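Okay, structure first, notes after.
Every read-out reported here was derived from the displayed coordinates using simple, explicitly stated rules and does not represent laboratory data. Everything quoted here is computed from the prediction, not taken from an experiment. Here the Cβ is made from the backbone with ideal geometry for all residues, glycine too, and neighbour counts use every protein chain on show.
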Amino acid sequence: MTPASSSSSAAAKSWIDIPSDSDFSLDNIPFGVCSFPKIRNRDHHHDSSSSIPHYGSSSLAPSTPRCCTAIGNHAVDLHLLAEAGLLDNLLIVPEAGDDDVIIIDDFHPRIIFSKPTLNEFMASEKRVWVAVRNRLISLFMSESESSSHRGDARLQNNLPLRNQAFHLLVDTLYHLPAKIGDYTDFYSSREHATNVGIMFRGKDNALQHNWLHMPIGYHGRSSSVYPSVSNGGGSIVKQDNGSSSDGEQVVAMSTVRRPCGQLQIDPSDPMKGSTYGPCKLMDFELEVAFFVGGPTNRDDDDGGRENNSVGKPLTLDQAKDRIFGYVLMNDWSARDIQKWEYVPLGPFTSKNYATTISTWVVTPMALEPFRCETSAGKQGGSNRSGGGTELSEGVDVGGDGEGKKADPTPLEYLRDPNYGCPMKEGDLLASGTISGKERHNFGSMLELSWKGSREIALDDGEVRKFLKDGDAVIMEGWCEKEGTGRVGFGQCSARVLPANPFPYDTQTEEAKHPQPKQRYSKFKLYGFWRSSCSWRVRIALAAKGICYETVYINLFEKDQTNQEHASKNPMQQVPVLEFVDGKSVVQISQSLAIIEFLETAFANQGGQLLPLDPVARAKAKEVAEVINSGTQPLQNLSVMDSVESIGAGEEGSGMKFGKQAIENGLSALETLLAPYHAPSQSDNDEATVGPFAIGTHGPTLADICLIPQLYNARRFRVDCSIYPSLLGVEEACKDHVWFCDAAPELQPDFR
């Protein structure tokens, strides 16, 4: 989906149409993980004056999660931008008075943004996060816009790439942005801490003495942190049948099941013990959390221990550079279960059943213009200063997703404790419930109903004290002020499902609803390091992320002719892919047949080996067949031996024949591919095609076959410099993750 050029003043800085109330303005540029299962074969667009059709293609299947950003109403595929070279040569912005521009050369965007989480990106230093964000702002900015960022028109002028990289938010599936290693929940809102203290200890002892002197928090669990499926984008939520009579877009919502646990029989007499049943006082908690990034803080002075995991204390300045970005959070609570279990060590099962987070991670750089004084006042200790962020937050509660929104409340910037805990990329630290001073600013139903003593009126006339089954809780938050675009988080939303009936069914869910298991397993590749056909299959297996065992067949020693291997491949060749299908062992020979199997059997896993567009798919196969049928077989050792024998023993006649076959094939390929890679097609300012074989923005079957063939050409001392288009494709593939580990010299049997 290509965004239209902007004409509104609210988005005048960008060539993309950004609604004025969008959370994702040019001043935001958040990061997340998305997939696009609704993707369709899109019409290809090309200049009517050109006879060369242009096709966009990613090396990831649409349903494969990958790193993205958001702008306006669109999610943007960062993996695809990286494959197109738009995130290469990132620059470090020089300090004031310093004219030296530094290029970051230790960051590999094609690999990092192809991952299904942001963890590897998070593990980079802050300078990399800033450089990526600055590059994206430049790519999204109008070229004529004067600012600290200079417009970069390569994306704006590349219509095929835009068609593939931009996806409507309402058609996007959101995933957890990171693999969360550890989760800590703090108690940072003075208003919330005071309110709860008044309820349970009285006004005179509301705020504990230590609160002003140290971060109060507890170590949580990360296994039940779930992503908010819906992120707004103009969609509505319907409770009953998921359809809208008004014809509006309907988007699925995340769900949270009401927990069961121990409930105190008599709140006034703990001696009567407890009973087991569904929570009756289910609550939300409006929070903000941040993900940790940067290199892990390890103590270098550890006595020479290997694999050091001992943490090193962080200074305040160091801690600021470890905050990758922020999300909204609903840390669901079962208040009645919590009341019975929290003495003496705090909440446990009442808090560990579910936490929902928004899925776009908003950077500290985007929030910097909204810094403000913290509401906590003066705090003791040298490591507790820093300020806050003025954030407008709202919570909608009700069966139809409608409700009341809170007014702006100040949000405290969090700082990690300085006691030496090793903080790793993807760790999640949360603020605790955020409340304001006024009742309509309270961040939980515990406060809004004042421990159940007040009723909360909803817009539709219903009332609540705590959440009912079917209620949808929708949290939103954003920052805005004159002179900047809105910086928002998208939605953090979920609907409450009824508790599982008790006593529980002894039959497991898996037994009642068997989950499909992976049909194929125990892969073995019978191959040889120098075999170009084996090399093709190694690339394809890497693209699909399939682990396999290698069985080495030494072609120099004629291993392929022994009876055992001949039974697997009657042609006495390599490769052979062997695997288990159910209870059967299957063997497939011939590289293109193997690749076709991998693409079909693992269509929704890893990379996409063939383009979705029918013409582009045929073009990829055309290149593959020129190599597979018309070039590579003629250079095989067995063929050259036959030619040598037919040539009455003329020395070198077989090598000459093989070299001539390769030169003929490469000449044909250069003719086929040159139109895609002519200077007019690849000019940086007006790029319309990608750098890979058939002009795609990611490698395909064509590239998988071409790279080994160029390697063989050099073995035969073919002058490859006369094939500039093919060399350009080779350069594009050199650092691509599919090809990195598949090269012959990296194989254990290489010699």
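Here are some notes:
- Across region 322-337, rounded Karplus estimates of 3J(HN,Hα) from the backbone phi angles (6.51 cos²θ - 1.76 cosθ + 1.60, θ = phi - 60°) give 9, 8, 6, x, 10, 9, 7, 9, 10, 9, 4, 9, 10, 5, 6, 5 Hz, Gly and Pro being marked x.
- Total formal charge among the other residues, if their Cβ is under 11 angstrom from that of residue 106, Lys/Arg +1 and Asp/Glu -1: -1
- FRET efficiency estimate (nearest 0.05) - Cβ-Cβ, residue 209 to residue 318, R0 41 angstrom: 0.90
- Using only alpha-carbon positions in region 575-624, the gyration tensor eigenvalues give semi-axes of 24, 14, 7 Å once each is multiplied by 5 and square-rooted (largest first).
- Charge tally in the Cβ shell below 14 Å around residue 624, where Lys, Arg are +1 and Asp, Glu are -1, residue 624 excluded: -1
- Listed pairs 522/621; 115/312; 280/339; 524/734; 558/583 exceeding 24 Å between Cα atoms: 522/621; 115/312; 524/734; 558/583
- Packing order of peptides 322-332, 562-572, highest average first: 322-332, 562-572 (average count of other Cβ atoms within 10 Å over each peptide's residues).
- Note on residue 586 and residue 462: their simple-model spin labels are 5.0 nm apart, each label 7 Å out from Cα toward Cβ.
- FRET efficiency for the pair residue 638 and residue 106, taken as 1/(1 + (r/R0)^6) with r the Cβ-Cβ distance and R0 = 30 Å, rounds to 0.10.
- Packing-based ranking, highest mean first, of 463-469, 693-699, 67-73, 626-632 given that Cβ atoms within 10 Å are counted: 693-699, 67-73, 626-632, 463-469
- With K and R counted +1 and D and E -1, the other residues having a Cβ less than 12 Å from that of residue 603 yield a net charge of -1.
- In sequence order, region 637-645 has phi-based couplings of 4, 5, 5, 5, 5, 5, 4, 4, 5 Hz under the Karplus curve 6.51 cos²θ - 1.76 cosθ + 1.60, θ = phi - 60°, and Gly or Pro positions carry x.
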